[in-house]
């Protein structure tokens, strides 16, 4: 949004966050938040629908205006707000949410994991950051003439290393094992003469949980450079 957009009509999508109190009957405010965490202040000169609740998914159409100079806080809500002409909501929240967006940082990890959909809605920046890193990594390796190779998830059981997760089959007494690492495939590809390749390999290890250990993780594997990193 720039100065050139002031006075123009826009349509925005997101989740609405209603304030805890009303300023007046003729002027009310709310916050619109999108999936990237960006926020925009909404100004209502008409009463907000009574059945509209916080965290309801909405479509808002209105005119972009410049906030009063004394209220501009670019680091929080920016310098612009939307004067709402029409608001349409797809659904309403009919129960009290376990925690609000503003309370998320102080909520226990157990509660956040139990209501993971809310946790990700409020703060999904790390997932987007991971996606961006993998994208840049793939692009860089491709520019360096590496080839991405996908290896199977179902493999034969091996006696060495950590305990494996076993996957039973319909045939009695026969099963597959989930790979602990791409080592066996690496040896096969080396013998086949592959010079430069990489993969984002899913690895599974049936071990007791610790702070630095989990049953499933992704391993970035490169050859000929012997580099293993957990992400």
A student asked for the Cα radius of gyration and Dmax of the range 66-156 in angstrom ought to give 21.4, 68
Exposure proxy ranking, count of Cβ atoms within 10 Å, fewest first, for 125, 130: 125, 130
Contact order normalised by residue count of the chain, Cα under 8 Å, 6+ apart, percent: 12 percent
How much length is gained if the chain between residue 190 and residue 66 is pulled fully straight, taking 0.36 nm per residue apart and subtracting their Cα-Cα distance, in nm to one decimal? 38.4 nm
Run the quick spin-label model on residue 79 and residue 130: label points 7 Å from Cα toward the beta carbon, then report their separation in nm to one decimal. 3.7 nm
Mean projection area, nm², convex hull over Cα of the chain: 20.0 nm²
Which whole number of Å³ per residue matches the convex hull of the alpha-carbon atoms in the range 135-230? 126 Å³
If we count other beta carbons within 10 Å of each Cβ, what is the order of 31, 87, fewest first? 31, 87
Based only on other Cβ atoms within 10 Å, what is the fewest-to-most ordering of 127, 190? 127, 190
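Just so you know, all these numbers are worked out from the coordinates, no wet-lab data involved. Predicted, not measured: the structure shown is a model, and the values here were computed from it. All Cβ positions, even for glycine, are placed from backbone atoms using ideal geometry, and neighbour counts span all protein chains on display.
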